[in-house]
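Data block below; observations after.
Please treat every number below as a calculation from the coordinates, not as lab data. This is a predicted model, so every value here is computed, not measured. No Cβ is skipped: glycine too gets one built from the backbone with ideal geometry, and neighbour counts run over all protein chains shown.
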Amino acid sequence: MIARLLTGLFLIVFALLANQVSASLKPGEGVNVCSELELRVAGLFRVGTAYLYLDQCEGASERILESIPKQFSLRLARSFSGEDLADTARDTLKENLGLDSVDELPESLSCMASAYVDADDGDRYDVIYQPGEGLAMFLNDELLKTCEDSGDAAKYFMIWFGEQPFHRRMRDRLLQQAEANGA
């Protein structure tokens, strides 16, 4: 009986702490829309619209991978499997970090990559990084997961803005637009 009460108390405290972390990580709060881009693969297939949010658009190219408040959003124009999105995130991070295996990914990055779920045309993913707090992923404004910052959570944005991003042209155009909007 006492073990059940202690377990219940632990779960309540954990839920309250998780809500405190996620309460400060919300889509669009504390950041500005710096750029927006319709994303196509092979110039033919519309994937969706990508958005980059930063605390300041100026200097985006130099600051994007630093420990600054930021958000990447994608409004989907087709359905995607959560498993495919997670695998792509892990593989892209592995390449950008120069790791031999996705099993070597830092905890915060592996945590966030596992947050993806199946999504449909019209759904919107928001990935938010807040220094000192960590990462949060939302689907249509519903929190999917938060991951603590173990010192390398800002690197999650390497998926879109690293040396070997998911889509090089998207990276370049989003950063160019952000620079133009910050001028």
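Computed extension gain for residue 114 through residue 152, at 0.36 nm per residue and net of the alpha carbon distance, reaches 12.1 nm.
In this rough spin-label picture, where each label sits 7 Å from Cα along the Cβ direction, the residue 46-residue 33 distance is 1.6 nm. In this simple spin-label model, placing a label point 7 Å from the Cα along the Cα-to-Cβ direction at both residue 104 and residue 142 gives a separation of 3.7 nm.
Distances longer than 26 Å among the Cα atoms of the range 2-182: what percent of all pairs is that? Value for the range 2-182: 29 percent of Cα pairs lie more than 26 Å apart.
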